[in-house]
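Below is one structure, written out as structure tokens, with a few remarks after it.
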Amino acid sequence: MIYQIGICDDENSTCSELESIIMDYFKIAGLNVQLNVWNCAEDFMRDIPAKVDVDILFLDIEMPDYNGIYVGEYIRNDINNDNMHIIYVSSKTNYAMELFKIHPYDFIIKPIDKEKVIKNVSKLLELDEQDNRFFVYEYNRIKNKIHYGDIVYFESDRKHIKIICSDGTEKMFVGKLKELIDKLPFSYAMAAQSFVINIRHVKICKKNSCIMDNGTCINIGRKYKDAFNIKMIEYNKHGGNG
């Protein structure tokens, strides 16, 4: 698994210090990490979520263009990302009430406390390992993860399975759909021999097909039609939970 860590701070010294601490930690832990650094909030918001997906973000509050509170609200409200762990970094402590609605994981006071950074990263990685909200798969000997809610459908392609995501990207791993379906949450259903769909992303359900919210039309196989209809009824009966 490659962990995506982000740092957004206009002070180069803070970015360098955090970068050094994080890279050393992952090297010692023997884990793969992709570290992304932004020196202004505007660049960060431009890249998220189109270019980069971040697991943990160290976010400065006092920045000259948009402050960290604005960025936090953008993450939670504008792009509806509740999965990114935000750790605020600041030299001031009077932001408690303003940060409440953003639900940050922690708040680090400058100058940077190395042990606190390591403790936060270590705990968040541990929580993610235990978190059943994520689908974890392996490709080219590298483990990856994706939030179940971000998966529109799985599509079989010979020996591979494609993951079609809500942001328009595609992932791939080696496997078989018939072995995968029993491991997925309740909101997933086998629609055809080559398709397992996430019912949460069904926009229109017709007699013999479903139109997903990304515009893809998936035909429901005759062999799977009865079980699929039952799953749809049960899912709606439970109010879309699961």
Go through (1) in contact (Cβ under 8 Å) with a residue 24 or more places away in the chain; (2) β-branched (Val, Ile, Thr); (3) in a loop (DSSP other than H, G, I, E, B) one by one and return the number of the condition Thr93 breaks.
(1)
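Could you say whether any residue in the stretch 75-88 is touching a Ser or Thr at 6+ places or on another chain (Cβ under 7 Å) and hydrophobic (A, V, I, L, M, F, W, C)? Please lay out each step first, then the result.
The initial filter retains those residues of the stretch 75-88 that are touching a Ser or Thr at 6+ places or on another chain (Cβ under 7 Å), namely none.
Among the residues of the stretch 75-88, not one is touching a Ser or Thr at 6+ places or on another chain (Cβ under 7 Å) and hydrophobic (A, V, I, L, M, F, W, C), which makes the answer no.
Within the stretch 155-172, track down each residue that is out of contact with any Gly (no Cβ under 9 Å at 6 or more places or on another chain) and buried (at least 19 other Cβ atoms within 10 Å of the Cβ). Write out each step before concluding.
Applying the first criterion (out of contact with any Gly (no Cβ under 9 Å at 6 or more places or on another chain)) to the stretch 155-172 yields 155, 157-158, 162-165, 167-172.
Glu155, Ile163, Ile164, listed by residue number.
Being out of contact with any helix residue (DSSP H, G or I) (no Cβ under 9 Å at 6 or more places or on another chain), over 30 Å from Ser20 (Cβ atoms) and not in a loop (DSSP other than H, G, I, E, B) narrows it down to one residue among Asp182, Asp128; which is it? Before the answer, list the steps.
On the way: Asp128 fails: over 30 Å from Ser20 (Cβ atoms).
Answer to the check: Asp182.
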Restricting attention to the stretch 29-84, which residues are in contact (Cβ under 8 Å) with a residue 40 or more places away in the chain, of a type in the set (Val, Ile, Thr) and assigned to a strand (DSSP E or B)?
Ile56
Sole miss for Asp24 among (1) at pLDDT 90 or above; (2) in contact with a Lys or Arg (Cβ under 8 Å, 6 or more places away or on another chain) is condition (2)
Among the residues of the stretch 121-174, which ones are in contact with a strand residue (DSSP E or B) (Cβ under 8 Å, 6 or more places away or on another chain), in contact (Cβ under 8 Å) with a residue 60 or more places away in the chain and either over 26 Å from Ile79 (Cα atoms) or not acidic (Asp, Glu) (or both)?
Val121, Leu124, Leu125, Val136, Ile142, Lys143, Asn144, Lys145, His147, Val152, Tyr153
Go through the stretch 59-86 and count every residue that is more than 16 Å from the chain's Cα centre (by Cα) and of a type outside the set (Asp, Glu).
10
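For Glu73, indicate whether it is modelled with pLDDT under 95, in the same structural domain as Asn94 (by TED's automatic domain parsing) and not polar (S, T, N, Q). So that I can check it myself, show each step before the final result.
Working: modelled with pLDDT under 95: yes; in the same structural domain as Asn94 (by TED's automatic domain parsing): yes; not polar (S, T, N, Q): yes.
Taking the combined requirement at face value, the residue satisfies it.
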If we scan the stretch 148-170, do we find a residue that is assigned to a strand (DSSP E or B) and among the small types (Gly, Ala, Ser)?
yes
Pair list, Cβ < 6 Å and 6+ apart or interchain, from the stretch 186-212 residues that are over 17 Å from Asp226 (Cβ atoms) to residues that are in a loop (DSSP other than H, G, I, E, B) and not charged (D, E, K, R):
Phe186/Gly242; Ser187/Gly242; Asn198/Ser187; Arg200/Ser187
Tell me which residues, restricted to the stretch 36-92, are surrounded by 17 or more Cβ atoms within 10 Å (Cβ to Cβ) and among the acidic types (Asp, Glu).
Asp53, Asp55, Asp60
Cβ pairs under 7 Å, 6+ apart or interchain, first in the stretch 2-17 and under 27 Å from Asn140 (Cα atoms), second part of a helix (DSSP H, G or I) and modelled with pLDDT of 95 or more, ordered by first then second residue, are Ile5/Ile22
Go through the stretch 83-111 and give me each residue that's β-branched (Val, Ile, Thr) and either modelled with pLDDT of 90 or more or not assigned by TED's automatic domain parsing to the domain that holds Lys123 (or both).
Ile86, Ile87, Val89, Ile108, Ile109
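Taking the stretch 33-70 only, how many residues are polar (S, T, N, Q) and touching a Gly at 6+ places or on another chain (Cβ under 7 Å)? Even if it seems obvious, please write down each step before you answer.
Quick first cut of the stretch 33-70, residues polar (S, T, N, Q) only: 34, 36, 39, 67.
Now restrict to residues that are touching a Gly at 6+ places or on another chain (Cβ under 7 Å): 36.
Qualifying residue count for the region: 1.
The values are calculated or read from the model by the stated rules, or taken from the named source; none is laboratory data. Computed from a predicted model, the values in this text were never measured in an experiment. Note that each Cβ is placed from the backbone with ideal geometry, even for glycine, and that neighbours are counted across all protein chains shown.
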